[in-house]
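Nothing in this text is a laboratory measurement; each read-out follows from the coordinates by a stated rule. All figures in this text were calculated on a predicted structure; none of them were measured in a lab. Heads up, the Cβs are rebuilt from the backbone with ideal geometry, glycines too, and the neighbour counts pull from every protein chain shown.
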Amino acid sequence: MERCQGSVDETDGSSSLSSSRSLQELLRAYSSDVGLCGLGFSSLEPTWFDVNHLQRRTLDGQRSTMNFTFRRPVRSCTPQATFPFARSIIVGYHRYAPSARGDGGGREAIVASYAMRDEYSVLRSKLEKLAELVRARGYRATIVIDDNALVDKAIARRSGQGWIGRNTLFLMNRSGPFVLVGSIVTDAELEVDLPINRRSCGTCYRCVDACPTGALDGRGGLDAERCLAWLLQKPGSFPHEFRSAVGRRIYGCDACLLSCPVGLPLQRGLDDQSEEGRSEVERRSDESVLPYSLIELLSLGDRELLERCRHFYVPKRDPNHLRRNLLLALGNSEVPLLEAQGILERYLDSDNAVLSEQARWSLEQLRLRSL
């Protein structure tokens with residue numbers, strides 16, 4: 001690839017180093033301007049610890065039917081296997097606001113904070129601005145977000161911005177788990193950051209205690225067969241033993257995030273980052289968010305329902321998967337029986353066996369509570 005004027009001269013090592021440092025300094029400075037709450041630089045060595053972790057969870061039966069990075073762990077943990085051109089990884093961090101919505105009087109669905117808006121698109125737009133700087137210097141820049149080609153938490157851990165918590169999430173000081181991670185894989189040779197000294201959560205087990213189903217083992221492991229966030233994405237009938245525990249959740253679960261003390265400053269509005277970063281989180285928290293009304297969503301047609309939840313991961317984009325979750329949440333809600341009965345009886349006659357069985361269960365729950 002032809003280099004831009006003033007960029008890397010591959011025959012001159014000192015020029016290459018100087019150019020890389022100049023680019024790196026520019027990226028660090030620009031990262032706060034585009035609204036990232038942190039920026040790090042990672043090396044490309046395989047993350048064998050994470051390979052072993054993924055393989056062990058598979059052997060222990062903790063992955064359920066989850067594929068993602070479990071399918072090919074060695075490849076997912078070896079950046080140059082997928083990106084042979086790579087010389088460095090730029091890691092960006094996007095902080096999002098813990099949901100400040102009320103519970104809608106027990107009538108609205110509960111959605112994980114990161115999914116109240118399309119936060120991944122916000123992160124991508126920020127990384128794209130940094131990638132443009134890299135490309136302007138004549139280098140390649142490929143954005144990777146939530147992709148099985150790269151174990152993003154492993155790369156993030158090595159980039160000096162945080163650590164993996166007992167809740168299995170990436171944690172940053174003061175922001176806690178309320179961050180999304182994205183990477184820019186590039187052929188620019190950048191100086192890598194060192195991991196921070198803190199590598200554990202010490203004696204804190206709040207997330208383990210807060211998990212509604214005991215999915216966290218306290219040693220950094222998570223049993224997907226008990227995790228509500230995964231079960232809400234898994235197709236098929238929802239397990240009976242966890243139907244009450246799911247409450248009115250229809251997408252994701254924030255229990256282990258909201259209980260994490262590292263993120264409490266952000267939840268309390270005490271974040272000490274830049275004024276731009278603080279005002280962005282406050283602004284996004286104060287934005288009007290449409291309520292996820294259970295009755296309303298269950299009344300929508302296929303296209304309308306998928307559009308309303310367009311940034312959710314929905315298996316095969318099947319609207320009936322969303323309806324299963326909505327029917328379950330309705331059975332755990334405080335919607336009066338008389339108000340919910342009509343919509344539930346409509347689904348009793350569904351040709352979809354999962355929906356009809358779920359509607360029957362939810363109708364019975366509301367009848368029992370109305371006695």
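For q values of 0.23, 0.31 Å⁻¹, compute log₁₀ I(q)/I(0) with the Debye formula on a Cα-only model of the range 161-211, without solvent.
Relative scattering, expressed as log10 I(q)/I(0), comes to -0.97, -1.31.
Take peptides 355-366, 200-211, 179-190 and line them up by average Cβ neighbours within 10 Å, highest first, as a rough protection proxy. Before the final figure, lay out each step's value.
Numbers: 355-366: 19.8, 200-211: 15.2, 179-190: 23.2.
Output ranking for 355-366, 200-211, 179-190: 179-190, 355-366, 200-211.
Report Rg(Cα)/(2.2 N^0.38 Å) for the range 111-225, keeping two decimals.
Working: Rg = 16.2 Å, N = 115, 2.2 N^0.38 = 13.4 Å.
Dividing the Cα Rg of the range 111-225 by 2.2 N^0.38 Å gives 1.22.
Which net charge results for the neighbourhood of I343, defined as the other residues with beta-carbon distances under 11 angstrom from its beta-carbon, given Lys and Arg at +1 and Asp and Glu at -1? It would help to have the intermediate numbers written out before the result.
On the way: positive: R323, R346; negative: E296, E339, E345.
Here the count lands on -1.
How long are the three semi-axes of the equivalent ellipsoid of the range 89-149, in whole Å, if each is the root of 5 times an eigenvalue of the C-alpha gyration tensor, listed from largest down? Show your work: numbers first, answer last.
Values: eigenvalues 232, 24, 12 Å².
After diagonalising the Cα gyration tensor, the semi-axes are 34, 11, 8 Å.
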